[in-house]
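The numbers here are math on the coordinates, done by the rules we state, and not lab data. Just so you know, these numbers come straight off a predicted model, no measurement behind them. Here the Cβ positions follow ideal geometry from the backbone for every residue, glycine too, while neighbour counts run over all protein chains shown.
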Amino acid sequence: NAGVTQTPKFQVLKTGQSMTLQCAQDMNHNSMYWYRQDPGMGLRLIYYSASEGTTDKGEVPNGYNVSRLNKREFSLRLESAAPSQTSVYFCASTPLVLNSPLHFGNGTRLTVT
Amino acid sequence: QQQVKQSPQSLIVQKGGISIINCAYENTAFDYFPWYQQFPGKGPALLIAIRPDVSEKKEGRFTISFNKSAKQFSLHIMDSQPGDSATYFCAAGGSSYKLIFGSGTRLLVRP
């Protein structure tokens, strides 16, 4: 089992460019999440999808859009990247069971210059 | 309030010592308190979790202590080992299926 797979691992963008971060899980989990990790700020929830066909905003959704393509895949799009979006992005998934653990991917390190 | 406050930001412990990381929360609706461990270049992974109906949970060298009245919980790592060197995150969650994470503690265990 690969678990949660994120692509790419690293990306450098110029201000104003767009890109999509990809995430796929092979654990048949219902819920998927996108977090960003910044020094001293922990993990902050950007968007989540409780089940296929639904998406909701988290703590820091501004500047991002998401698509739950199917049960396996949940993508995060930056339409016009800004330096403030320089961060490490983590995708996570969990079965739709209350308080079940999050399974994280290994992250995408994004730098916006 | 949704914040989870975590301290210290960094911690250095000698091999064999006890590592203690503290967290405080504000929202009394939270009913699930996990700790995640993260190694460099990897995503966080669940280490241990507690529900508020118990005051302590132990798994091997790792113990969570929970104080409901003070709205605080802590992670104790007994007999700390160099392999425990990692970043630790506390978190809190409720019925919304969303976790609120603390800011993280970078632990270094010296040989």
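Averaging Cα coordinates gives a centre for the range B:46-111 and one for the range A:1-53; these two points are 24 Å apart. Applying a DSSP loop filter and a limit of 14 other Cβ atoms within 10 Å to the trypsin sites (Lys or Arg not before Pro) in the range A:1-39 leaves A:Lys9, A:Lys14.
Here the Karplus curve 6.51 cos²θ - 1.76 cosθ + 1.60, taken at θ = phi - 60°, turns the phi angles of the range A:74-90 into couplings of 9, 9, 10, 10, 9, 6, 9, 4, 10, x, 5, 8, 4, 5, 9, 9, 10 Hz, with x standing for Gly and Pro. Placing +1 on the Cβ of every Lys and Arg and -1 on the Cβ of every Asp and Glu, with nothing else charged, gives the range A:2-79 a dipole about its Cα centre of roughly 140 debye. The local environment of A:Tyr89, defined by Cβ-Cβ distances under 10 Å, has a net charge of +2 under the rule Lys, Arg +1 and Asp, Glu -1. Note on the protein assembly as shown: with charges restricted to the Cβ of Lys and Arg (+1) and Asp and Glu (-1), its dipole about the Cα centre is near 360 debye.
For A:Lys9, the lysines whose Cα falls under 26 Å of its own Cα, not counting residues fewer than eight places away in the same chain, are A:Lys57, A:Lys71, B:Lys42, B:Lys98. What is the list of residues in the range B:1-44 whose amide nitrogen lies under 12 Å from a point 7 angstrom out from the Cα of B:Lys57, following Cα to Cβ? Those under the cut-off are B:31-36. When Rg and the Kirkwood radius Rh are both evaluated on Cα atoms of chain A, their ratio Rg/Rh stands at 0.95. Averaging the sequence gap over all C-alpha pairs within less than 8 Å and six or more residues apart, then dividing by the number of residues, gives chain A a relative contact order of 36 percent. Among beta bridges from DSSP that stay inside chain B, the antiparallel ones total about 90%. Temperature 4 °C, viscosity 1.567 mPa s: under these conditions the Stokes-Einstein estimate for the protein assembly as shown, based on its Kirkwood radius over C-alpha pairs, is 72 µm² per second. Annotation: amide H of A:Leu43 within the under-5 Å range of B:Phe101, sequence separation 5 or more or interchain, hydrogens built in the peptide plane.
In summary, the convex hull built on the alpha carbon positions of the range B:57-111 has an orientation-averaged projected area of 4.8 nm². Principal axis extents of the Cα atoms in chain B, from largest to smallest and rounded to whole angstrom, are 41, 28, 20.
Counting charges near B:Lys15 (Lys, Arg +1; Asp, Glu -1) among other residues having Cβ under 9 Å from its Cβ returns a value of 0.
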